[in-house]
Amino acid sequence: MAEEEKWEIEGGAGFSKMKKMGIILIVLAVAVGAFFVVYVVGKPTEFTISVDPTSDSIHQGDSDTATVSITSVGGYAETVSLTASGQPSGVTVGFSPSSGSPSFTSTMTVNVGASVATGMYNITITGTGADEKEDNCTYTLTVTPAPDFTISVSPTSGSIQQENSDTATVSITSVGGYAETVSLTASGQPSGVTVSFNPSSSAPSFDSTITISVGSDVASGTYTLTITGTGGDGKTHTCAYALTVTLAPDFTIDISPSSESVAQGGSTTATVSITQVSDYSQTVSLTASGQPSGVTVGFSPSSGTPSFNSTMSVNVGASASAGTYEITITGTGADAKVHSCTYSLTVTTGGISFTVYSDAGFPSGTDVYTWSAGGLGSFNGDYTGETPPEGNKCFETNTNAGTWAGWGVIYMPEGTSTDLSSYAGGYLKFWVKTQADLKVEIKDTANRTKHISAYGWDSTDTWQEISIPINDFGANLSAITYPFMATIETSGTFYVDYVRWVAV
Ligand SMILES: [Ca+2]
């Protein structure tokens with residue numbers, strides 16, 4: 001029992017030591033087991049996937065790469081294949097390699113098409129093991145505009161007078177960081193138009209001043225200029241400028257009729273028209289050159305501010321040589337602008353002219369008779385209005401309240417005749433300005449009647465020369481008592497100027 005006790009006492013102590021050792025062993029075993037369970041047995045076999053960088057910004061039409069890391073966990077060694085999803089149409093994602101046994105890395109290449117809309121897209125990168133295990137990560141793609149430039153011009157159109165220039169501003173704007181040098185050119189301008197740029201090239205963004213100069217010979221009209229910007233990488237963009245060319249202030253000169261045949265000793269007139277172009281306001285003086293000796297040319301007026309008309313009088317002396325002459329009528333502006341037109345004068349021989357009425361009056365031995373309904377008519381052979389074709393005067397006839405009126409030239413005393421048979425085959429020529437058809441007569445012993453409407457009168461109330469073949473009257477030309485009569489057969493006003501018989 002004592003031993004027992006001792007045992008108990010000693011054993012108690014011994015048991016106590018053994019118990020402590022046992023506990024320590026158990027604790028160690030548990031700790032090692034736990035370590036094993038947690039770090040070896042308890043840890044699952046799998047893989048993780050990650051991408052670096054996790055986001056990127058790529059231009060339209062460009063590409064970039066990232067590194068995908070597939071990391072084995074717990075000894076995972078199944079083949080893992082890589083796929084991408086969520087990328088927009090036009091974006092392709094490739095992996096190299098596209099599969100492998102973890103741990104490994106793959107280069108991911110992201111290609112962005114030129115037409116992919118700009119914006120932010122999340123692309124999911126998925127690794128799928130041969131045992132169907134999978135993991136994924138996200139790559140954020142920001143699509144930005146491709147490097148490029150735009151070109152525009154302001155204003156987009158302009159009106160430039162001949163001999164003038166104007167400017168506009170061409171703006172070249174960088175897009176997506178474009179930094180190539182852009183050179184500017186223009187095309188489509190007509191000959192005589194020059195286009196320059198300042199500067200003519202630079203790196204965007206920049207403005208260039210375009211100067212458009214229009215020469216004096218450029219036809220008026222609208223032209224489309226194409227302005228092209230060409231980048232150092234060959235990219236081109238264009239914009240358009242509508243150029244309207246207007247005429248410089250100037251004048252034109254014209255003559256009507258432009259030719260005439262005049263017998264030696266005779267004369268004629270023509271109307272020179274000087275017309276303003278683009279507000280020309282300089283005084284234009286008229287001169288003639290090229291007329292032969294014996295021919296004098298005058299203008300009334302001899303100068304003026306366009307637009308105006310001038311009557312050109314051509315007097316052919318008896319000594320002038322027969323032939324055809326080109327007379328140049330020149331208008332010279334106060335600013336030295338010069339324009340001319342030509343007049344063809346044919347001087348004929350043998351032709352004689354008998355003037356019945358002109359600024360010089362009436363032939364000797366004649367008088368003027370007038371007639372009108374109710375005696376209401378009024379007559380003025382020295383009328384200075386209406387810009388007569390010959391000189392400054394014409395013969396004005398008004399019916400006033402009456403319904404007809406006329407006048408004629410008579411050899412005095414009444415019944416006296418004169419021999420005009422040398423004009424057989426010739427013409428009775430005169431100018432009229434009338435609102436109505438006129439009756440024109442000559443008389444031997446009877447009135448011989450014609451109407452101007454049968455001889456080209458155009459029914460307008462403007463000056464017009466009428467030429468009636470004398471033979472048409474059927475008169476006895478050796479005994480003419482009235483060489484000219486004109487009557488309006490309705491109410492109205494008419495004017496007559498420069499009446500003559502012309503032989504051929
Ligand atoms: Ca006259």
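The values are calculated or read from the model by the stated rules, or taken from the named source; none is laboratory data. Here the structure is a predicted model, which means the values were calculated and not measured. Here the Cβ positions follow ideal geometry from the backbone for every residue, glycine too, while neighbour counts run over all protein chains shown.
Grab the strands (runs of 3 or more DSSP E) fully contained in segment 189-259, keeping just those with 3 or more residues being of a type outside the set (Ser, Thr, Tyr) and over 28 Å from ILE274 (Cβ atoms). Lay out the reasoning, then the answer.
Values: elements: 193-198, 206-214, 221-231, 236-246, 250-256.
Passing ranges, in order: 193-198, 206-214, 221-231, 236-246.
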Only one of (1) more than 25 Å from PHE251 (Cβ to Cβ); (2) within 16 Å of the ligand (Cβ to nearest atom); (3) not assigned by TED's automatic domain parsing to the domain that holds SER491 does not apply to SER310, and that is (1)
Conditions (1) assigned to a loop (DSSP other than H, G, I, E, B); (2) over 17 Å from TYR482 (Cβ atoms) -> GLU396 fails only (1)
Among SER191, SER208, SER196, the single one that is surrounded by fewer than 13 Cβ atoms within 10 Å (Cβ to Cβ) and of a type in the set (S, T, N, Q) is SER191
Would you pick out the residues in segment 119-146 that are more than 24 Å from PRO97 (Cβ to Cβ) and outside any strand (DSSP E or B)?
-> PRO145, ALA146
What's the number of the condition THR332 fails, among (1) within 16 Å of the ligand (Cβ to nearest atom); (2) part of a strand (DSSP E or B)?
-> (1)
Scan (1) outside any helix (DSSP H, G or I); (2) modelled with pLDDT under 95 for the single condition ALA436 breaks and write down its number.
-> (2)
Restricting the search to segment 143-158, which residues are under 19 Å from CYS239 (Cα atoms) and modelled with pLDDT of 95 or more?
-> PHE149, THR150, ILE151, SER152, VAL153, SER154, PRO155, THR156, SER157, GLY158
Condition check for ASP148: under 30 Å from PHE197 (Cα atoms) and either touching a residue at least 12 places away in the same chain (Cβ under 8 Å) or out of contact with any Pro (no Cβ under 8 Å at 6 or more places or on another chain) (or both) = yes
Selection count, segment 367-415, where residues are polar (S, T, N, Q), within 16 Å of the ligand (Cβ to nearest atom) and surrounded by 18 or more Cβ atoms within 10 Å (Cβ to Cβ) = 1
Look through segment 461-485, keep the residues that are in a strand (DSSP E or B) and farther than 15 Å from PRO388 by Cβ, and return whichever of them is nearest to the ligand (Cβ to nearest atom).
-> PHE484
Search result, residues across segment 379-432 that are free of Cβ contacts under 8 Å to residues at least 60 places away in the same chain and either within 28 Å of ALA446 (Cβ to Cβ) or β-branched (Val, Ile, Thr) (or both) | PHE379, GLY381, THR384, MET412, PRO413, SER421, ALA424
